[in-house]
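Down below is the structure, laid out as structure tokens.
The values are calculated or read from the model by the stated rules, or taken from the named source; none is laboratory data. Computed from a predicted structure; not experimentally measured. Cβ placement follows ideal geometry from the backbone for every residue including glycine, while neighbour counts extend to all protein chains displayed. In case anyone asks, the SASA skips ligands and DNA or RNA and just uses the protein heavy atoms, side chains included. Shrake-Rupley method; radii C 1.70, N 1.55, O 1.52, S 1.80 Å.
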Amino acid sequence: MQRLDPEKRDAILDAAKQRLRKYGIQKTKMQEIAKDVGIAVGTLYLYFKNKNEVLIASVEAYGQQHIAYAEEILNSEKSPQEKLKYYIINRFRVTEDINNSGSHAAELVRAVMKIKPDFVEEQSGWTRKNVLKILREGIEKDLFCIDNLERDVEVFLYSIGYFFPFATTKQYYQIEEKDLAMVIDWFIEKWSC
């Protein structure tokens, strides 16, 4: 069996992401992705059988980035208050980047949800787990006073959900990072001992 080069795989995914954002799924061809990377289309098919596999691999790479960034924040020397704010603001920025990445964002999100229907649930689960971990740390350090952690996490996540619309929904309001920071600060103030 032939060994596949991880750097070439990453280059393929980078080229595919650029094409998918710019042209959408229907107009992105495997031949064009191969050309952008500077490889033969047959080589591309050694890595990915079709566009759906490229799309799934892109989603999985996105998930790995989320996990890596979360671990970096969770293991940092920042206070739990700072960790909470950095983590949620980063999620906001990533969502904004996706939603503003081009006119094909909604098409890409719908395709991902069709191919990998559990994606949104996975993302929500990771976010919930990380927020719980940060709040537990704050409670252990007597920085947060929370009577009902499970309930408060749910209320917090529902409260900030406004700031994370799917690319598939129409936006009737202008979302700004400063408003999200205000909501996070409100919770931190309420939870502080």
inquiry  = I'd like the carbon and sulfur percentage of the solvent accessible area for the chain, probe radius 1.4 Å, heavy atoms only, ligands and nucleic acids excluded.
reply    = 51
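Less than 11 Å Cβ to Cβ from Gln81, Lys/Arg counted +1 and Asp/Glu -1: what total charge do the surrounding residues give? The partial results should precede the final answer.
On the way: positive: Lys78, Lys83, Lys85, Lys141; negative: Glu82, Glu137, Asp185, Glu189.
Result for the neighbourhood of Gln81: 0.
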request  = Would you calculate, for the chain, the mean residue ellipticity at 222 nm contributed by helices, counting each DSSP H stretch of 4 or more residues as -39,500 (n - 2.57) and dividing by all residues, to the nearest 500?
outcome  = -24000 deg cm²/dmol
key: Efficiency of FRET from Cβ geometry, Glu154 and Ala61, R₀ 25 Å, rounded to 0.05   = 0.30
note = To the nearest Å², the heavy-atom accessible area per residue of the chain with 1.4 Å probe amounts to 60
inquiry  = Need one number: nm distance between label points at Asp10 and Ser76, each 7 Å from Cα along Cα→Cβ, rounded to one decimal.
reply    = 2.2
task = Given a cut-off of 22 Å, name the pairs among Lys129/Lys178; Lys85/Lys178; Lys27/Lys51; Lys17/Lys49 whose C-alpha atoms lie farther apart than that in the structure shown.
result = Lys129/Lys178
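Using r as the Cβ-Cβ distance of Glu140 and Arg21, and R0 as 35 Å, what FRET efficiency do you calculate, to the nearest 0.05?
Values: r = 42 Å, r/R0 = 1.20.
Efficiency, from the Cβ-Cβ distance: 0.25.
What does the net charge come to around Met113 if you take all other residues with beta carbon closer than 13 Å to its beta carbon, with K and R at +1 and D and E at -1?
Working: positive: Arg110, Lys114, Lys116; negative: Glu107, Asp118, Glu121, Glu122.
Net charge in that neighbourhood comes out at -1.
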ask   = In nm, to one decimal, how far is the Ala181 label point from the Tyr69 one, both placed 7 Å along Cα→Cβ?
value = 1.7
inquiry  = If amide hydrogens are placed 1.01 Å from N in the peptide plane, which non-local residues have theirs closer than 5 Å to the one on Phe144?
reply    = Ile139, Cys193
task = Answer with a single label: of (i) 20.3, 66; (ii) 19.5, 61; (iii) 24.5, 101, which was calculated as Rg and Dmax of the Cα atoms in Å from the structure in view?
result = (ii)
